[in-house]
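Participant: Sharing a structure with you now.
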Amino acid sequence: MSWLPKSPKARRRLWVVIAVAPVLALAVGLSLYAMRDSVTFFFSPSEATPDTAPAGRVVRLGGLVETGSVVRDGTGQVAFVVTDNVAATRVVYRGDLPDLFREGQGVVAQGVFLPDRSFRATQVLAKHDENYMPREVADRLKAKGEWRPEAGKPAS
């Protein structure tokens, strides 16, 4: 065996590497296989095609809530349209919406596409801009007279 090193120490290291490499590869492969269903992909309405986001697979859909599209029924179900100004997707959600949910604002909905390409959401997250400030902090700043609504930030 001319490819083996002549040194016994180097030969031992080579055999350890040869023995450990398949075990390590198997462990990594099994870990990735086990996590494949826990990965949730994010799509905008224009990216969510039947090929990239098949019906029944849990995904996240993000975009803006189209103005005038929010429809609430008496059973607690809310339907609205999410758009990215290229395409639009109808979303149906049953439950309480976040306080920041408004028409024209950003939203991320997690759920599944139905065969008719509407989206059944199990969770809705409202997005805010970088100027977000908790209501309690804004109220305290207003009470102190340090709030400048035109700038959206407190005065220094």
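The values are calculated or read from the model by the stated rules, or taken from the named source; none is laboratory data. Remember, predicted model here, so these are calculated numbers, not experimental data. Because the Cβ atoms are built from the backbone with ideal geometry, glycine has one as well, and the counts that use them run over all protein chains shown.
To keep it simple, each residue is scored yes or no on (1) under 17 Å from Val70 (Cα atoms); (2) modelled with pLDDT under 75; (3) not in a strand (DSSP E or B).
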site	(1), (2), (3)
Glu103	yes, no, yes
Val108	yes, no, no
Val112	no, no, no
Arg117	no, no, yes
Leu125	yes, no, no
Glu130	no, yes, yes
Met133	no, yes, yes
Asp139	no, yes, yes
Ser156	no, yes, yes
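Participant: So how many residues does region 68-97 have that are surrounded by 12 or more Cβ atoms within 10 Å (Cβ to Cβ), part of a loop (DSSP other than H, G, I, E, B) and over 18 Å from the mean Cα position of the chain (by Cα)?
Facilitator: Total satisfying the criteria: 3.
Matching residues to (1) of a type in the set (Asp, Glu); (2) in contact with a strand residue (DSSP E or B) (Cβ under 8 Å, 6 or more places away or on another chain); (3) more than 30 Å from Phe101 (Cα to Cα):
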residue: Val20; (1), (2), (3): no, no, yes
residue: Ala25; (1), (2), (3): no, no, yes
residue: Tyr33; (1), (2), (3): no, no, yes
residue: Ser46; (1), (2), (3): no, no, no
residue: Arg72; (1), (2), (3): no, yes, no
residue: Gly76; (1), (2), (3): no, yes, no
residue: Ala79; (1), (2), (3): no, yes, no
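Here is a yes/no grid of residues against (1) outside any helix (DSSP H, G or I); (2) loosely packed, with under 10 Cβ neighbours inside 10 Å; (3) of a type in the set (A, V, I, L, M, F, W, C):
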| position | (1), (2), (3) |
| --- | --- |
| Ala10 | no, no, yes |
| Arg13 | no, no, no |
| Ile18 | no, yes, yes |
| Ala48 | yes, no, yes |
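Let's see how each residue does on (1) small (Gly, Ala, Ser); (2) within 24 Å of Ala126 (Cβ to Cβ):
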| site | (1), (2) |
| --- | --- |
| Trp3 | no, no |
| Ala34 | yes, no |
| Asp51 | no, no |
| Asp73 | no, yes |
| Ala88 | yes, yes |
